[in-house]
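We did not get these values from a lab; they are worked out from the coordinates using the rules stated. Not measured: the values here are computed from a predicted model. Using ideal geometry, Cβ is built from the backbone for each residue, glycine included, and neighbour counts are taken over all protein chains shown.
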Amino acid sequence: MEDSGLTVKDEAYIIGIPERSQAAVVTERLADPSDTWLKNHTGVQCGETDTVGTGYKLSLIQYGVTNKTLETVVKGDVSGDGRVSSIDYLRIKRVFSGITELEGAYFEAADIVEDGKITSVDYVRIKKHIAGTGSLYSPLPEVEPAEEIKPTANPNSMG
């Protein structure tokens, strides 16, 4: 998985899948996509154009035998549909408020800052992502301050 942008966490999760990623894009990022199986929540193998969501199962096959199965994690996607939306925002708000809990891959998807807990920082980052004022997947570009505009003499003034 070197240079794929994907990482394995705790030998259980595959992290680094951006929202709205198609199954073919995810498997092609691996060393040999022909040796992988990607299944959705119901256990059905994903088609190439299916969107990968949090909680999908990615099986790595070697010599015809399943070597390892990992759960997919799409940062911010706690609903498992592969998109970061107001549904995810509201679910994370409920977790942050102590109303409900998340486990497994869904907890990993909600833990944006990867500190092992769901805090207001995770909640706010998802809110900004949905609003378009921030991104969970890449930092916003640095903004260079505009050049200072120096006043010039007004030809209509006296002096």
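For the ranges 47-57, 96-106, what's the packing order if you count other beta-carbon atoms within 10 Å of each residue, average per peptide, and put the highest first? Let's see the in-between values first.
Numbers: 47-57: 19.5, 96-106: 13.7.
Averaged packing, sorted descending, gives the order 47-57, 96-106.
Of Lys57/Lys128; Lys93/Lys127; Lys9/Lys117, which ones are farther than 20 Å apart at the Cα?
In this structure, Lys57/Lys128 lie more than 20 Å apart at Cα.
Cα gyration tensor of region 54-119, axes a ≥ b ≥ c as square roots of the eigenvalues: rounded (a/c below 1.5), prolate (a/b > b/c) or oblate?
Working: a/c = 3.13, a/b = 2.28, b/c = 1.37.
Since a/c reaches 1.5 and a/b is larger than b/c, the shape of region 54-119 is classed as prolate.
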